[in-house]
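Report on one structure; see the data block that follows.
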Amino acid sequence: MSTSTHTGLRKPMRTISLRTIAAHKLRLALTILAVVLGTAFIAGSSMFTTSLSNSFAKIISTQYDDVDIVISSERNVGRQVSVDDVNKLRERDDFTSVELMVEPAPIILAGTDGKAIQTGGAPSTALSYNPDDEPTDTVTLLEGDWPADTDTVAVNASAAERGNISIGDSVTVVTPSDQFEVTVVGTFDFPTATGGWIGVLLPEDQFLPIYAPDGRVNAASVVLDDGADTAAVVDELRNEYPDYVIDDAQVLVERQTEELKNALSFINYFLWAFAAIALLVGTFIISNTFAMIVAERTREFALLRSIGASRSQITRSVIGEAVVVGLIGSALGILLGIGLAKGLFFALEKKGVGMPDSGLSLTPTTLIVPLVVGAVVTVLSAWAPARRAGSIHPVEAMRSGDSSSQNSLRVRTIVGGLITAVGAGLCMFGAFTTGIDEVKHRLIFVGVGALAVIIGVWLIGPALSIPVVGGLGRVVGAPFGAVGKLASTNSRRSPRRTAATAFALTLGLMMVSSIGMLGATMRNSIETIVDDVVTSDYLVTGQNSSVFKIPSSVEPKITELDEVGAAHSVYLAPLLVNGVPMSKTFGGPPRTSVADLNLDAGEGMKVTVNSGSGNLNDEKGVVLYDGIAKNFNLGVGDNVTLSTLDGSRTLDVPILGTYEEMQAGGPGIVSTAAARELLPIDQMSVEMILVDGADGVDSAALGQALTNAMEDYLVVQVMSKEDYASSQANQVDQLLGILYGLLGLAVIIAVLGIINTLALSVTERRREIGMLRALGTQRSQIRTMIYLESVVIALFGAILGAAVGLGLGWCFTRTIGEDALETIIIPWGQLGVMLVGSAVVGVIAAVWPGHRAAKTKPLDAISDR
């Protein structure tokens, strides 16, 4: 055919493509919807994190608006700035004010109802007020007076509103060292007063003994007189105080803003990972949709070929349709993403979560990236079906049906089997190998292997569907007689379509079952550890131990009770052991466990002491987890150096013993006597108090006595060993609940894929359904047949996803668990719910296609050509 003929067809082909899109509005809407959901997640997550970052950056800059100079420690760790030096600076005539900065300075504020005001995870901070300083514009007094006298405070306005606090009210505050009553004399505004943030302004004379008992603070902010040369003053102070870091406040703002962006980038990556999952599932839906569209339009393309359209023109026309679908879907996805981001901020505000919101940030990145990604993914998804459309021969105009389903699956299955085997081998290597020291390197093998398994399962899916779907179809269809047999036959008749339809659900449930196994294993591990390790009847802990610890006055009150036989406090102290933080809170500040316990006798905790003594009551020293001791080539009798974070105070103590299970006390426990030589007791926060009952006192009486004694404390809760294990395990459930919520998006897309495929299948099988109606099949039977087909496909996807997910989850859990997760638990209950839920999903997905199929008129369908 001449080039001129092909050129002459370009415009008509473009017209045909556009008219085809417009003529099949329903098909277009279903395809676009998959693109919309995928891109909406990318757009929404990007907008949310960008807005959050900008809001925090605005808070940082506003906080230092009136500050000219910031003085901090050389290593910027701990409290090293002397209060005496700060007071000396206040004597300078060119300084308007010098304010102390102590971090952290946690405080709990009760409302007028006597209950602690909730922060939703935002900080609750005590601030220092110096009556001799001129207040800066950073803190704005809104009502009442500044707190100048002992036991008077000012609180931020939003906290006062939430606690129903008015000027003159007497309320309770809890500090790390005590709990006492204060009078509210004023309310103020502060740049960080967003979300659930609580700020309590205390007179400096009362603040310092509580939060800086050693006379040292984290930093000091300086406001200069008008006209002062900031650079000159900075140079002068650097010469006078060489041990301190002295910066222009704007330099500090830039540094903290950069640190903030780095910290928030993790959230962004996390959300983008789930956006990628949603897009991946959407990709299979889009690809499946275009494949079915091509199959349905075989005769149309063949006729176009017979009148002169080239293969490339047919391929380009399908790609052109994909571009239109991708751009429309991505644009709508961006709009939905805006709604998602605003909805997330609204939901967090209603929940009282302390997230600042200074407006939605729409940047070129948040708009262009989702648009491009959505369009590119759609085009890539349509590429294989487009090439298949171009390969259609003119003679195929005389055929009907989906010829693609007759193609051999042998090559695809062999390649898929090999890829699956390689992936499984990589996963097993990562899970079992001991030659790789770092877990992250082993996880790389598992991650690459998992990706290979997913690709391999997709390739072998059609071959697997033939026996599995056939068996499922016979079981599910048995109660429905001939209609059930017909549904079973239809389900396995087109294995490519069945596998592609089911794979979206397979992928979603694959991840759900993997995470479910990890969660069940972690929960079991936590409950087992608590049951094996804790020997005391009850534990007294903080209501929110990550934010606030138990006041030091609680322990004496417990020991006074007649029902109590023994009470053992476990502290956390900012100490280093040989320069290393023996922290139980990974990612948190360096805090070492401190206690007076005889581990040999099982006081409070039961561990197996490998060597030496576990008695921390008799002498100053430490006991270490055996693995930690071996890593540092340490043994019983060797000395280690305890030190404060700044290294200003050190103490050499012996290793008293080593123990087997790290879960018992973390990496190590320091005796209280040794820790108190370095730190006063008020700088060591109480993590928990292990309580045993006196002789003859039953558990219920002890629990009631403890509950009655602790009822006046705002931050203390009394729990039995079983309650404590459950509360620790529930934290795992809360974390995984977020993951399940995000994975729910993938499942929703999968459901839409089943609806889409069934709807297209009904259209493709219009003549077949018409024949069934003509032979006497009732509308209800047609609907039942479509329902059963959908249920079988959904069950096939769920079973395949659960089986693969359990395998990958086992490798992943074993790799990260090592000794901590010894017994891997299969969540049978969750799997049962997933399978039942998948069957329900199948019925729901088939409602609309089944209704369409039942409405098919026999004569019209038979005569349709």
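Of the residues 235, 214, the single one that is more than 15 Å from residue 93 (Cβ to Cβ), assigned to a helix (DSSP H, G or I) and of a type in the set (D, E, K, R) is 235.
Scanning the stretch 230-239 for residues that are surrounded by 11 or more Cβ atoms within 10 Å (Cβ to Cβ), under 47 Å from the mean Cα position of the chain (by Cα) and free of Cβ contacts under 8 Å to residues at least 24 places away in the same chain yields 235, 238.
Among the residues in the stretch 494-506, are any among the aromatic types (Phe, Trp, Tyr) and in contact with a Ser or Thr (Cβ under 9 Å, 6 or more places away or on another chain)? It would help to see each step written out before you state the result.
Going residue by residue through the stretch 494-506, those that are among the aromatic types (Phe, Trp, Tyr) are 503.
With the extra rule that they be in contact with a Ser or Thr (Cβ under 9 Å, 6 or more places away or on another chain), the set shrinks to none.
So far as the stretch 494-506 goes, no, none of its residues is among the aromatic types (Phe, Trp, Tyr) and in contact with a Ser or Thr (Cβ under 9 Å, 6 or more places away or on another chain).
Residue 463 meets the conditions (1) under 20 Å from residue 411 (Cα atoms); (2) over 38 Å from the mean Cα position of the chain (by Cα) in every case but one. The failed one is (2). For residue 655, indicate whether it is closer than 20 Å to residue 534 by Cα, crowded, with 20+ Cβ neighbours inside 10 Å and among the hydrophobic types (A, V, I, L, M, F, W, C). No, not satisfied. Of the strands (runs of 3 or more DSSP E) that lie entirely inside the stretch 607-672, those containing 3 or more residues that are under 19 Å from residue 571 (Cβ atoms) span 622-625, 639-644, 650-659, 668-671.
Looking across the stretch 164-208, just one residue is modelled with pLDDT of 90 or more, among the small types (Gly, Ala, Ser) and crowded, with 18+ Cβ neighbours inside 10 Å, and that is 186.
One residue is enough: does the stretch 407-429 have a residue meeting the conditions among the aromatic types (Phe, Trp, Tyr) and more than 38 Å from the chain's Cα centre (by Cα)?
First pass over the stretch 407-429, keeping only residues among the aromatic types (Phe, Trp, Tyr): 429.
Next cut, more than 38 Å from the chain's Cα centre (by Cα) only: none.
Within the stretch 407-429, none of the residues are among the aromatic types (Phe, Trp, Tyr) and more than 38 Å from the chain's Cα centre (by Cα).
Among residues of the stretch 603-614 that are within 21 Å of residue 531 (Cα to Cα) and among the charged types (D, E, K, R), those with a beta-carbon under 6 Å from a residue that is modelled with pLDDT of 85 or more and in a strand (DSSP E or B) at least six positions away or on a different chain give the pairs 603/568. Of the residues in the stretch 566-581, at least one is over 23 Å from residue 693 (Cβ atoms), small (Gly, Ala, Ser) and touching a residue at least 12 places away in the same chain (Cβ under 8 Å).
From the list 343, 339, the one residue that fits, being modelled with pLDDT of 80 or more and assigned to a helix (DSSP H, G or I), is 339.
Going through (1) in contact (Cβ under 8 Å) with a residue 60 or more places away in the chain; (2) surrounded by fewer than 16 Cβ atoms within 10 Å (Cβ to Cβ) one by one, residue 643 falls short only on (2).
The values are calculated or read from the model by the stated rules, or taken from the named source; none is laboratory data. Predicted model only: the values in this text are computed from it and were never measured. Heads up, the Cβs are rebuilt from the backbone with ideal geometry, glycines too, and the neighbour counts pull from every protein chain shown.
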